[in-house]
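Peer 1: One structure, pasted below without further comment.
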Amino acid sequence: MTKAEIVNEIAKTTGIEKTAVLATLEKFMEVVKESLANGENVYLRGFGSFIVKTRCEKTARNISKNTTIIIPEHKIPAFKPARVFMDEVKK
């Protein structure tokens, strides 16, 4: 499902204009991105959590040059679904 399809579905079921729904959805995504960039997790009860994970430093190999490289510790965004969400998807 694309963002446009989500906007259409919300507008159809709630009766709110598509432009208002799109603006709300865009702002939601912006707030989530800003929060994660600042190291803050976002918790949505009954849906899931957008969290920041830290990947440890590791050694990798460049096979074509036969050398080792160090990948430094870095942070990545992740989503952890709520148990209710997971149970509904499993059905």
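The values are calculated or read from the model by the stated rules, or taken from the named source; none is laboratory data. None of the values given here were measured: they were computed from a predicted structure. Glycine gets a Cβ as well: all are built from the backbone with ideal geometry, and neighbour counts include every protein chain shown. Protein only, heavy atoms only, side chains kept; ligands, DNA and RNA dropped before computing areas. Shrake-Rupley method; radii C 1.70, N 1.55, O 1.52, S 1.80 Å.
Peer 1: Six or more apart or on different chains, Cβ under 7 Å: which pairs go from a residue in segment 43-61 that's closer than 27 Å to residue 81 by Cβ to one that's among the small types (Gly, Ala, Ser)? Could you list them?
Peer 2: Close Cβ pairs (under 7 Å, with a partner that is among the small types (Gly, Ala, Ser)) amount to 43/49; 46/82; 47/82; 48/82; 51/78; 52/39; 53/78.
Peer 1: A follow-up question, please. Can you list residue pairs whose Cβ atoms sit under 6 Å apart, with the first residue in segment 68-84 being polar (S, T, N, Q) and the second being open to solvent by less than 100 Å² (accessible area, probe 1.4 Å) and part of a strand (DSSP E or B)? Count only pairs 6 or more apart in sequence or on different chains.
Peer 2: 68/59
Peer 1: Something else about it: What helices (runs of 4 or more DSSP H) lie completely within the chain and have 2 or more residues being surrounded by 10 or more Cβ atoms within 10 Å (Cβ to Cβ), modelled with pLDDT of 95 or more and over 20 Å from the mean Cα position of the chain (by Cα)? Quick ask: steps written out before the conclusion?
Peer 2: Details: elements: 3-14, 18-37, 83-90.
So the answer is 3-14, 18-37.
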